[in-house]
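Q: Please find one structure pasted underneath; my questions will follow.
The values are calculated or read from the model by the stated rules, or taken from the named source; none is laboratory data. Here the structure is a predicted model, which means the values were calculated and not measured. Every residue, glycine among them, receives a Cβ derived from its backbone with ideal geometry; neighbour counts consider all protein chains shown.
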Amino acid sequence: MNTKDFFFRSRRCKISRLSKYLIKQAAIPFIAGFSLFSFILLMDRAFQLFDFLIGKNVPLISVIGIFVYSLPFIIALTVPMGVLVSTIATYGRMSGDFEILAMRSLGINPLSLTKGFFLAALGVTIGMVFFNIYLLPESNFRLKKLYLEVSRARPTLHLLPEKFNEISNGYTLWIKTIDHSTSELTKIMLKEDLPGEPTRIIYADEGKMKVIGDSLTFSLSKGETHIFDRANPQEYRIMNFNNYIISIPLGEKKERTVSRSYREMNLEQLLENARRTDAKRRKWRYLLEAHKKFSIPFACLVFVLIGAPLGIQTKKGGLGNGITLSFFMFALYYILLVGGEELCERGSLYPSIAMWLPNIVIGVAGLYLFYKIIYEK
């Protein structure tokens, strides 16, 4: 029998079993971290949906649709967070239980302990890339169309009472009370301030809003219209009315004409639009979104790179410790991501650098921590 071959076969078997053991240990922290952060991000949307359902009588099927189409955006962020939580929690527990020390005494390099994690994270990364390229933009687009349908049925949906609401270019609305179920308003002030036209302010005791075609139509009762021209201030006219109808153009509002914004395009559409445009900032904005579809999923690998040495060094196991450290690490990642995006939109930073900078910074920090652990510095 060749003892050398037996030794290597046995060693490969041990590493394979170790990788399976680590992935099993990471499953519960991943689910817990993913669920917790998803719940936190959903809370704000949940309050809005409850308000739609109870306070504004939006149909239940529309509320469910808004909730479902909102999920992919949250999943795109919380899956990498779940990977980070599971990595820190798993290696922290193993370090606290001296399992890492025992493995090192057997000659197992800490770097080899991450093999299974990296393979699992690579699978998650590939899955999330396809998720971000195809499913995420389509869900964003359907969410936009659903919001538009709800807004047409409930035109008062986003209006606030006793606040100045800008409803279209040149039109500002103030209302005392709103009945969202019937779109009825009381104590109305509507200001029309269009370029080259006299300013008009309409006061009415009550009225109703509805969308007809591509226009927002107000049916007003018992009020008066004030018209004045800044170029001719001495000419000030007041007209009383019992019933008055005014239509305000809303522009691109029909479902068939709804266009896709940057966040609602798949990779092919982004690259095609970037190729067609000559405007630097618009081109960079398309390319920024294209890079984002890869950089955020790639964070799963980067978080394993930083999470494993962090967990080993903290020597404190438990899901709570993993969630706490993950929150601060992801906060740093998100600050770098948003900061890079802002600089790119201003034309100060290339899209590739802006979107990959967080991965580079955290990845380099992870390599440094691994270096310290491997050489025990």
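Q: Which numbered condition in (1) assigned to a strand (DSSP E or B); (2) crowded, with 17+ Cβ neighbours inside 10 Å is the only one that THR156 fails?
A: For THR156, the failing item is (1).
Q: Could you check, for the range 340-358, whether at least one of its residues is assigned to a helix (DSSP H, G or I) and either in contact with a strand residue (DSSP E or B) (Cβ under 7 Å, 6 or more places away or on another chain) or among the aromatic types (Phe, Trp, Tyr) (or both)?
A: yes
Q: If we scan the range 364-373, do we find a residue that is aromatic (Phe, Trp, Tyr), in contact (Cβ under 8 Å) with a residue 12 or more places away in the chain, within 24 Å of ALA32 (Cβ to Cβ) and part of a helix (DSSP H, G or I)?
A: no
Q: Looking at the range 121-173 only, could you name the residues that are touching a residue at least 40 places away in the same chain (Cβ under 8 Å), of a type outside the set (Ser, Thr, Tyr) and in contact with a Leu (Cβ under 7 Å, 6 or more places away or on another chain)?
A: Hits for the range 121-173 are ALA121, LEU122, ILE133, VAL150, PRO155, ILE167.
Q: Would you check if VAL150 is modelled with pLDDT of 80 or more, surrounded by 16 or more Cβ atoms within 10 Å (Cβ to Cβ), more than 19 Å from PRO72 (Cα to Cα) and aliphatic (A, V, I, L, M)?
A: It is true that VAL150 is modelled with pLDDT of 80 or more, surrounded by 16 or more Cβ atoms within 10 Å (Cβ to Cβ), more than 19 Å from PRO72 (Cα to Cα) and aliphatic (A, V, I, L, M).
Q: Right, here's the next one. With respect to LYS210, determine if the residue is basic (Lys, Arg) and over 30 Å from MET128 (Cβ atoms).
A: Judged against the criteria, LYS210 is a match.
Q: Let me ask you something else. Just wondering, is there one or more residues in the range 73-82 that are in a helix (DSSP H, G or I), β-branched (Val, Ile, Thr) and out of contact with any helix residue (DSSP H, G or I) (no Cβ under 8 Å at 6 or more places or on another chain)?
A: Looking through the range 73-82, none of the residues is in a helix (DSSP H, G or I), β-branched (Val, Ile, Thr) and out of contact with any helix residue (DSSP H, G or I) (no Cβ under 8 Å at 6 or more places or on another chain).
Q: Quick check: anything in the range 144-155 touching a Pro at 6+ places or on another chain (Cβ under 9 Å) and more than 30 Å from THR199 (Cα to Cα)?
A: yes
Q: On to the next question. List the pairs whose first member sits in the range 219-236 and is under 10 Å from THR199 (Cα atoms) and assigned by TED's automatic domain parsing to the domain that holds ASP205, whose second member is surrounded by fewer than 16 Cβ atoms within 10 Å (Cβ to Cβ) and of a type in the set (Lys, Arg), and whose Cβ atoms are under 9 Å apart, counting only residues at least 6 apart or on separate chains?
A: From the range 219-236, the pairs are HIS226/ARG237; ILE227/ARG237; PHE228/ARG237.
Q: Quick one: what pairs do we get from the range 259-272, first residue in contact (Cβ under 8 Å) with a residue 24 or more places away in the chain, second in a helix (DSSP H, G or I) and of a type in the set (Ser, Thr, Tyr), C-beta under 6 Å, 6+ apart or different chains?
A: Filtered contacts from the range 259-272: ASN266/TYR134.
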